[in-house]
Amino acid sequence: MKALPSLKVPIVNQHFALFPVFKPEESSWFNPLAIDHIQEEDGICSVTLTHGLTLELPISKRSLINLAGKAVYSLATYRQDYASSLKSDGCPLDYVSLPATPVGQLLNTQDLLQRWHMSPGMFFNHYKLEEHLLWYQQLADCPDIEARLY
């Protein structure tokens with residue numbers, strides 16, 4: 001899906017999205033709505049969360065903002081797909097309230113969040129397909145599969 005990263009797909013539910021900064025197995029996961037501000041110096045980002053914790057990450061500010069924007073877009077798309085009626089009018093920010101933080105203000109200007117890049121239902125269908133394929137793979141890898149079927 002063009003609007004989402006291929007290896008760093010956020011975990012999304014109705015209330016929040018979490019995104020990895022590095023390979024999912026090796027990364028801390030961040031809620032883009034909980035990032036207060038980001039400062040970059042010598043290729044290291046200092047990320048301060050809204051509750052005060054500050055972390056240093058070897059990533060550029062631009063890359064981090066892009067990942068956060070994609071997570072917010074995923075959250076908006078998830079909320080749109082689970083809304084009582086599918087509407088493609090409006091924009092992703094109609095489904096997500098960004099915090100009044102420096103990062104929230106920066107995300108508010110991201111091009112990705114100004115218009116829909118997918119048709120309604122596309123995210124839900126793709127997400128569920130991946131979920132079912134993973135479930136099937138885990139089931140197929142199970143050595144005692146026949147015992148579980150009866």
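Yes/no per residue for (1) in a helix (DSSP H, G or I); (2) surrounded by 15 or more Cβ atoms within 10 Å (Cβ to Cβ):
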{"site": "Thr48", "(1), (2)": "no, yes"}
{"site": "Gly52", "(1), (2)": "no, no"}
{"site": "Glu56", "(1), (2)": "no, no"}
{"site": "Ala76", "(1), (2)": "yes, yes"}
{"site": "Arg79", "(1), (2)": "yes, yes"}
{"site": "Ser97", "(1), (2)": "no, no"}
Can you tell me which residue within the range 15-41, out of those that are polar (S, T, N, Q) and modelled with pLDDT of 90 or more, is farthest from Lys70 (Cα to Cα)?
-> Gln39
The lone exception for Gly90 - which of (1) part of a strand (DSSP E or B); (2) surrounded by fewer than 17 Cβ atoms within 10 Å (Cβ to Cβ) it fails = (1)
Any residue in the range 109-126 that is crowded, with 19+ Cβ neighbours inside 10 Å, of a type outside the set (A, V, I, L, M, F, W, C) and touching a helix residue (DSSP H, G or I) at 6+ places or on another chain (Cβ under 9 Å)?
-> no
Which helices (runs of 4 or more DSSP H) does the range 102-150 wholly contain that include 1 or more residues that are β-branched (Val, Ile, Thr), at pLDDT 80 or above and out of contact with any Leu (no Cβ under 6 Å at 6 or more places or on another chain)?
-> 102-108
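The values are calculated or read from the model by the stated rules, or taken from the named source; none is laboratory data. Worth saying up front: this structure is predicted, and the values here are computed from it rather than measured. In this analysis, Cβ positions are derived from the backbone assuming ideal geometry, glycine residues included, and neighbour counts consider all displayed protein chains.
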